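The values are calculated or read from the model by the stated rules, or taken from the named source; none is laboratory data. Here the structure is a predicted model, which means the values were calculated and not measured. Virtual Cβ from ideal backbone geometry, glycine too; neighbours counted across all protein chains shown.
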Amino acid sequence: MSNTAKLWIVIIVVIVLIVIGWLVWGGSFAAPAAQSPSPTPVDTSVASTSQTMTDPAKAAGLSTATTDNTDAALQSDMSSVDTQMTGLNSDTQNVDQSVNNPPVSPTTGL
């Protein structure tokens, strides 16, 4: 192949690369300009009062602080929390003990 043919091939490749670069970065393949979103209309109507909102605590049969705030109720709640914390502490100790137990040797069996 002659030097002139090689030169023409190089020139054609360079031109093709320039055209591709122009199309990708500044031409028709460029991403469209960002448009600002149109504002969403705000619903100003008042919700129907026939729908009742249910309190999840009441739906589950639990008392809430707004309806059960006597000293006796608070004392009962504190006792329940203490009992649950004691159970959690016991569970934590059992987990710690099981993690720290030495493994059973296969030669000794159960």
Regarding Gln75, is this residue polar (S, T, N, Q), in a helix (DSSP H, G or I) and either modelled with pLDDT of 90 or more or touching a Leu at 6+ places or on another chain (Cβ under 7 Å) (or both)?
yes
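Evaluate the following for Ala57: is it surrounded by 10 or more Cβ atoms within 10 Å (Cβ to Cβ) and either out of contact with any Asp or Glu (no Cβ under 9 Å at 6 or more places or on another chain) or at pLDDT 90 or above (or both)?
Yes; evaluated as a whole, the condition is true for this residue.
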